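K.L.:
Structure provided below as structure tokens; questions to follow.
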Amino acid sequence: MGGKFLELLKQLAPGMTRAAIIRDAGNPTGIGQFGAIQTAAPSFGVEVRPLDVRDAGEIERAVASFARSSNGGMIVTASALAQRHRDPLIALAARHKLPALYFDRTFVANGGLVSYGTDYLDQYRRAAGYVDRILKGEKPADLPVQAPTKYELVINLKTAKALGLDVPPTLLARADEVIE
């Protein structure tokens, strides 16, 4: 997903040359997510910088420091910390004029620019199939772990306009939802 995050953000903000990767310092998956983004970064001409944060104060300081230089963008990786601080993250991106990509559509519904992540409704539907199999006698331990197969792209045009970004028509056509 790291490459897809950068690809989408670069399409929305072609002048972006730096990206802050907001990750929860206490969450080991943040390291893996950053590694995937870091691997893809050279192909998009973007320098990535991890911002390891633990609380609202660290988020504020790290984003403000990063935003002092131009041509920046922001990617918020999946974590409970990010969900807990959703509104401040959105407000910081707006205040510092940073195009930002989030892992969950709730960020975009609350004013964020763009999200790309798991379609949770699809996951719930697929879970029902597992429940059915278990009720028919299959052992839960025998069922395979399944990765998400459907992802959703959500774009907020009002936020794009506030940031002075023109959303490419090809990206709008690919979006699962466009918030106007």
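K.L.:
Per DSSP helix of 4 or more residues, -39500 (n - 2.57); summed, then divided by the residues of the chain. What does that give at 222 nm, rounded to the nearest 500?
P.N.:
Working: 9 runs with 86 residues, N = 180.
Only helices count here, giving -14000 deg cm²/dmol.
K.L.:
Further question: Spin-label point model (7 Å from Cα, Cβ direction): what's the residue 43 to residue 126 distance in nm?
P.N.:
Here the modelled spin labels are 2.3 nm apart.
K.L.:
Take residue 161 and residue 149, extend 7 Å from each Cα along the Cα→Cβ direction, and tell me the distance between the two endpoints in nm.
P.N.:
Output for this residue pair reads 3.9 nm.
K.L.:
At a Förster distance of 35 Å, what's the computed FRET efficiency of residue 142 paired with residue 25, Cβ-Cβ distance as r, to 0.05?
P.N.:
It comes to 0.45.
K.L.:
With +1 on each Lys and Arg Cβ and -1 on each Asp and Glu Cβ, how big is the dipole of region 24-167 about its Cα centre, in debye rounded to the nearest 20?
P.N.:
So the magnitude is around 240 debye.
K.L.:
Then there is this: DSSP beta bridges in region 1-147, what fraction antiparallel, as a percent rounded to 5? Don't jump to the answer; show the numbers that get you there.
P.N.:
Details: 0 of 17 bridges.
Here the share of antiparallel DSSP bridges comes out near 0 percent.
K.L.:
Please state, to two decimals, what the Cα-based radius of gyration of region 112-152 comes to when divided by 2.2 N^0.38 Å (N = residues).
P.N.:
Relative to the 2.2 N^0.38 Å estimate, region 112-152 comes out at 1.48.
K.L.:
Where does each of 24, 52, 176 land when they are ordered by accessible area, with a 1.4 Å probe and the largest first?
P.N.:
Sorted descending by solvent-accessible area, the residues read 176, 52, 24.
K.L.:
While we're looking at this one, here's another question. What trypsin sites (Lys or Arg not before Pro) in region 73-149 are in a loop by DSSP, with at most 10 other Cβ atoms within 10 Å of the Cβ?
P.N.:
Taking region 73-149 and a limit of 10 other Cβ atoms within 10 Å, the loop trypsin sites (Lys or Arg not before Pro) found are 136.
K.L.:
Let me ask something additional. Cα axis of helix 29-44 to longest principal axis of the chain: angle in degrees, 0 to 90, nearest 10?
P.N.:
50
K.L.:
Using 0.36 nm per residue, how much length does the chain from residue 54 to residue 87 gain when fully extended, once their Cα-Cα distance is taken away?
P.N.:
Details: separation 33, 0.36 × 33 = 11.88 nm, distance 1.57 nm.
Extending this stretch completely gives an extra 10.3 nm.
K.L.:
Next question, about the same structure. Report the Cα centroid-to-centroid distance between region 1-18 and region 139-180 in angstrom, as an integer.
P.N.:
So the two Cα centres are separated by 14 Å.
K.L.:
Taking only the Cα atoms of the chain, how large is their convex hull per residue, in Å³? Intermediate results must be reported in sequence, preceding the final value.
P.N.:
Values: hull volume 22.2 nm³, N = 180.
Enclosed volume per residue, from the Cα hull, is 123 Å³.
K.L.:
A follow-up question, please. Expected output is a single nm value to one decimal: the length gained when fully extending between residue 4 and residue 175, i.e. 0.36 nm times separation in residues minus the C-alpha distance. What is it?
P.N.:
Taking 0.36 nm per residue and subtracting the Cα distance, the gain is 60.2 nm.
The values are calculated or read from the model by the stated rules, or taken from the named source; none is laboratory data. Everything quoted here is computed from the prediction, not taken from an experiment. We place every Cβ from the backbone using ideal geometry, glycine too, and count neighbours over all the protein chains shown. Areas reflect the complete protein model, heavy atoms only, side chains present, ligands, DNA and RNA absent. Shrake-Rupley method; radii C 1.70, N 1.55, O 1.52, S 1.80 Å.
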